Amino acid sequence: MIPGVRGLLSFRCMPRRGKFITFEGLDGTGKSTQMRKLAAALREAGHEVVETREPGGTATGEKIRKVLLDSGTAALDARAEMALMFASRAQHIAEVIEPGLASGRIVLCDRFTDSTEAYQGSGRRLGSDAVRALHRVLCGNLQPDLTLLLDSDPHASVQRARRRNEHALKNGPRGQDENRFEQETRAFFARVREGFAAIAKREPTRVVTVDARGTPAQTHAKITDVVRRKFKL
Ligand code: TYD
């Protein structure tokens, strides 16, 4: 066979690159529930879907998650915190996200680099530039095709996350402690919310803000509408 023809054939057999959709927002806005609902709807429509999360998503990432979220992790320096978020992410991209996209799947991810920009960049005041520079170096500047930013009443959302995590600590299988961030102040979460809003303003094509104050079913309907229109599914 002519070499060029073989190349063309193997190219044609490669699956089309999948879509990368991230969910962002303050703690307790219902991201995880909405991600599960979208995954179910997409599977029902015949798509292959990968559901994953950050920090975490790989065996190494889940260990890093434990260090980051356990309220027993005392006096963690903000820069060390940011470095751990990126360590988890770099592994996650290599092991889960890129292979998923390369095999044509829709990859749904609960939080990605926008969370680092909002929480560490804005909340911890390390600045957006540092986060974006690390993203270029450590994550090959991988950008989601769509980011759903769930927006809700900040105080109510954080209270909800606090209650849920305290419940998991008392009743979870291994007394799972994921309370470290929920112990932050209202001022911290106000800065995080502003950080998310600034990203949405800067990148209106990628980031769609979804009002998540209604029932889970209402929010799900808004999300499926955005996804359907964006990807013509
Ligand atoms: P998550 O499990 O999504 O919490 P929740 O379900 O309460 O929204 O995320 C855990 C915490 O990690 C959350 O408080 C936000 C924080 N976080 C960062 O500070 N930076 C990051 O880059 C990521 C991915 C998460």
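The values are calculated or read from the model by the stated rules, or taken from the named source; none is laboratory data. This is a predicted model, so every value here is computed, not measured. Methodologically, a virtual Cβ is constructed for each residue, glycine included, from the backbone with ideal geometry; neighbour enumeration extends over all protein chains shown.
Checking the condition more than 9 Å from the ligand (Cβ to nearest atom), farther than 22 Å from MET35 by Cα and not in a helix (DSSP H, G or I), which residue from ARG136, ARG125 passes?
Numbers: ARG136 fails: not in a helix (DSSP H, G or I).
Selected residue: ARG125, the only one of ARG136, ARG125 that is more than 9 Å from the ligand (Cβ to nearest atom), farther than 22 Å from MET35 by Cα and not in a helix (DSSP H, G or I).
Quick one: which residue in THR33, THR22, THR116 is within 15 Å of the ligand (Cβ to nearest atom), of a type in the set (Val, Ile, Thr) and more than 24 Å from ARG191 (Cβ to Cβ)? Break it down into steps so the answer makes sense when it comes.
On the way: THR22 fails: more than 24 Å from ARG191 (Cβ to Cβ); THR116 fails: more than 24 Å from ARG191 (Cβ to Cβ).
The match here is THR33.
Go through the range 101-113 and count every residue that is β-branched (Val, Ile, Thr) and either assigned to a strand (DSSP E or B) or more than 8 Å from the ligand (Cβ to nearest atom) (or both). Break it down into steps so the answer makes sense when it comes.
Of the range 101-113, the ones β-branched (Val, Ile, Thr) are 106-107, 113.
Among the residues that remain, those that are also either assigned to a strand (DSSP E or B) or more than 8 Å from the ligand (Cβ to nearest atom) (or both) are: 106-107.
Matching residues across the range 101-113 total 2.
Would you confirm, using the coordinates I've provided, whether ALA168 is within 14 Å of the ligand (Cβ to nearest atom), small (Gly, Ala, Ser) and at pLDDT below 95?
Working: within 14 Å of the ligand (Cβ to nearest atom): yes; small (Gly, Ala, Ser): yes; at pLDDT below 95: yes.
Answer is yes for this residue.
Go through (1) assigned to a helix (DSSP H, G or I); (2) more than 21 Å from ARG163 (Cα to Cα); (3) under 15 Å from the mean Cα position of the chain (by Cα); (4) of a type in the set (A, V, I, L, M, F, W, C) for MET35 and report which single condition fails.
Condition (2) is where MET35 drops out.
Looking at this structure, is THR147 surrounded by fewer than 16 Cβ atoms within 10 Å (Cβ to Cβ) and polar (S, T, N, Q)?
Working: surrounded by fewer than 16 Cβ atoms within 10 Å (Cβ to Cβ): no; polar (S, T, N, Q): yes.
The answer is no for THR147.
Could you list, in sequence order, all residues of the range 165-185 that are of a type in the set (D, E, K, R), surrounded by fewer than 16 Cβ atoms within 10 Å (Cβ to Cβ) and either touching a Pro at 6+ places or on another chain (Cβ under 8 Å) or outside any helix (DSSP H, G or I) (or both)?
Kept after step one, since they are of a type in the set (D, E, K, R), are these residues of the range 165-185: 166, 170, 174, 177-178, 180, 182, 184.
From what's left, surrounded by fewer than 16 Cβ atoms within 10 Å (Cβ to Cβ): 166, 170, 174.
The one that is of a type in the set (D, E, K, R), surrounded by fewer than 16 Cβ atoms within 10 Å (Cβ to Cβ) and either touching a Pro at 6+ places or on another chain (Cβ under 8 Å) or outside any helix (DSSP H, G or I) (or both): ARG174.
Can you spot a residue in the range 208-224 that is more than 17 Å from the chain's Cα centre (by Cα), within 15 Å of the ligand (Cβ to nearest atom) and either touching a residue at least 12 places away in the same chain (Cβ under 8 Å) or surrounded by 12 or more Cβ atoms within 10 Å (Cβ to Cβ) (or both)?
There is at least one residue in the range 208-224 that is more than 17 Å from the chain's Cα centre (by Cα), within 15 Å of the ligand (Cβ to nearest atom) and either touching a residue at least 12 places away in the same chain (Cβ under 8 Å) or surrounded by 12 or more Cβ atoms within 10 Å (Cβ to Cβ) (or both).
Kindly indicate whether any position in the range 156-164 is of a type outside the set (Lys, Arg), out of contact with any strand residue (DSSP E or B) (no Cβ under 7 Å at 6 or more places or on another chain), more than 9 Å from the ligand (Cβ to nearest atom) and part of a helix (DSSP H, G or I).
Within the range 156-164, the subset of a type outside the set (Lys, Arg) is 156-159, 161.
Adding the requirement that they be out of contact with any strand residue (DSSP E or B) (no Cβ under 7 Å at 6 or more places or on another chain) leaves 156-159, 161.
Keeping just the survivors that are more than 9 Å from the ligand (Cβ to nearest atom) gives 156, 159.
From the residues that got through so far, the ones that are part of a helix (DSSP H, G or I) too are 156, 159.
Yes, that holds for at least one residue.
List the residue pairs whose Cβ atoms are under 9 Å apart, where the first residue sits in the range 110-133 and is in contact (Cβ under 8 Å) with a residue 60 or more places away in the chain, the second is within 9 Å of the ligand (Cβ to nearest atom) and of a type in the set (Ser, Thr, Tyr), and the two are 6 or more positions apart or on different chains.
Correct list of pairs: ASP110/SER32.
Would you please name the residue that is farthest from PHE231 (Cα to Cα), looking only at residues in the range 45-100 that are β-branched (Val, Ile, Thr) and in a loop (DSSP other than H, G, I, E, B)?
At the first step, the residues of the range 45-100 found to be β-branched (Val, Ile, Thr) are 49-50, 52, 58, 60, 64, 67, 73, 93, 96-97.
When the remaining residues are screened for being in a loop (DSSP other than H, G, I, E, B), the result is 58, 73.
On the way: THR58: 27, THR73: 41 Å.
Across the range 45-100, the extreme among qualifying residues is THR73.
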